[in-house]
Amino acid sequence: MSTKAQISLSAVILVAALAVTALAVRGGESGQAAQDMEGHDHAAMMAGARQQSPVVLDADAARRIGVSFATVEQRVLPSIVQTVGRVTFDETRMSAVNPKISGWVEELHVDFTGAPVRSGEPLMAVYSPALVSAQEELVLAARLVREAGAGRALDNATELLESARRRLAYWDISESEIQRVEDSGEASRRLTIYASSSGIVLEKNVVQGDRIAPGMTLYRIADLSRVWVDADVYERDLGQVRVGQGALVSFEAFPGESFPARVTYIHPTVDMGSRTGRIRLELANPDLDFKPGMYAQVSLEYILSPPTLVVPRSAVIETGQRTLVFVEGEEGALLPRQVAAGRTEGRFTEILRGVEVGERVVSSAAFLVDAESTLGTMAGDMEMGEAGMEEMDHSSMDHSNHD
């Protein structure tokens, strides 16, 4: 700001201070008459404070303090939500190996945590007296079917065979293993337990020689060919997130690369402490590069909303009680206008109401214009207060002369 402008501003402040002092002195002298007018004057001053004064600047003055203008326009205001997340397991691709029989592990084929397994791959060989007994029943039933002629004897033998097969199947013995015992006619001392799904062994709770019992979790297996990314989104951005929305995910382990993902779930609650809501993204992981626990940078795809009124974000002034812009009027007048502001994206702020397309607003040095407008309002309030006090003084004198 130039030296002349600084001097002018100081003079205004000095005059305002003197006026306040004068008002205080006169207020003390006015007595009961001032009290009678107090409510009226206070209401008038508050009404004046609610409306800031226009500011009139010629071209030279506007140029000196750096005032420039922008036109209110309609523009598509894209939104992008950026946040951080963490890779987790896809819970729909996890499985556990729980035996339904008791016995002893005689041979362990998958013997360390982290081992990759495929569906149908042998996990362990188990000796179980109950399994041996069930196999012997199967062998006996199969022999009875072969030896039975026809009629009721064959029906009974067939029913017994089906019962023996079901019993082994209920214990998760594979069809191929049941068929082998039936064809060979010999019960095996031990049977093999196979993996029911492919993945990576997350937990291994058994070693060779262990005794196992029904319900024990021997292995926990996760298929990592697809993983989840759990991300926290601030409450103000949750309205911009939709299920099915695309995203790009990046990791410190792979600098300069981004990987496509998709929002599959939005949690129904918001954390009361952080004021964030959690969203879930699915990410393909064919090479197992993305490991659970890794941190990720998440950029949700742009959301294109219909065109809306926008002004430069520098044009918007937040006073704490109101949101203002200064609109260019006639003959250099800058008129304060209360507006309702919406989203801010990049250099632009959405204006929901208060301005129209084509109007010009102050886009730089708006805070200086606002300060000048506020000083003008204060000076106007003081003049109004002085006029009111003079009116009270005259009224008091007239009343005294009358008496």
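The values are calculated or read from the model by the stated rules, or taken from the named source; none is laboratory data. Computed from a predicted structure; not experimentally measured. Positions of Cβ are generated from backbone atoms using ideal geometry, with glycine treated the same way; all protein chains shown enter the neighbour counts. For accessibility, only protein heavy atoms count, side chains too; no ligands or nucleic acids. Shrake-Rupley method; radii C 1.70, N 1.55, O 1.52, S 1.80 Å.
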Taking the radius of gyration and the Kirkwood hydrodynamic radius from Cα positions alone, what is the Rg/Rh ratio for the range 278-335, to two decimal places? 1.32
Which length gain, in nm to one decimal place, applies between Phe254 and Ser133 when the Cα-Cα distance is subtracted from 0.36 nm times their residue separation? 37.9 nm
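Given a 1.4 Å probe and every protein chain left where it sits, what share in percent of the accessible area of the range 165-310 is carbon and sulfur? Kindly include the intermediate steps, with their values, before the conclusion.
Numbers: 4200 of 8300 Å².
Ligands and nucleic acids excluded, carbon and sulfur reach 51 percent.
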For the pair Ala169/Glu328, report the inter-label distance in nm, with labels modelled 7 Å from Cα in the Cβ direction. 8.5
Can you compute the label reach from Val207? Point 7 Å from Cα along the Cβ direction, backbone N cut-off under 14 Å, restricted to the range 113-139. 113
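Among the GluC sites (Glu not before Pro) within the range 226-300, which fall in a DSSP loop and have no more than 12 other Cβ atoms within 10 Å of their own Cβ?
On the way: sites: Glu235, Glu252, Glu257, Glu282; in loops: Glu252, Glu257.
When the GluC sites (Glu not before Pro) of the range 226-300 are filtered for loop state and at most 12 Cβ neighbours within 10 Å, Glu252, Glu257 remain.
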Label point at Ala340 placed 7 Å out along Cα→Cβ; residues across the range 313-332 whose backbone nitrogen lies under 17 Å: 321-325
Sorted largest first, the C-alpha extents of the range 102-252 along its principal axes in whole angstrom are 78, 39, 22
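What's the extension gain from Ala59 to Ser102 if we count 0.36 nm per residue and subtract their Cα-Cα distance?
Numbers: separation 43, 0.36 × 43 = 15.48 nm, distance 9.45 nm.
Roughly 6.0 nm would be gained on extension.
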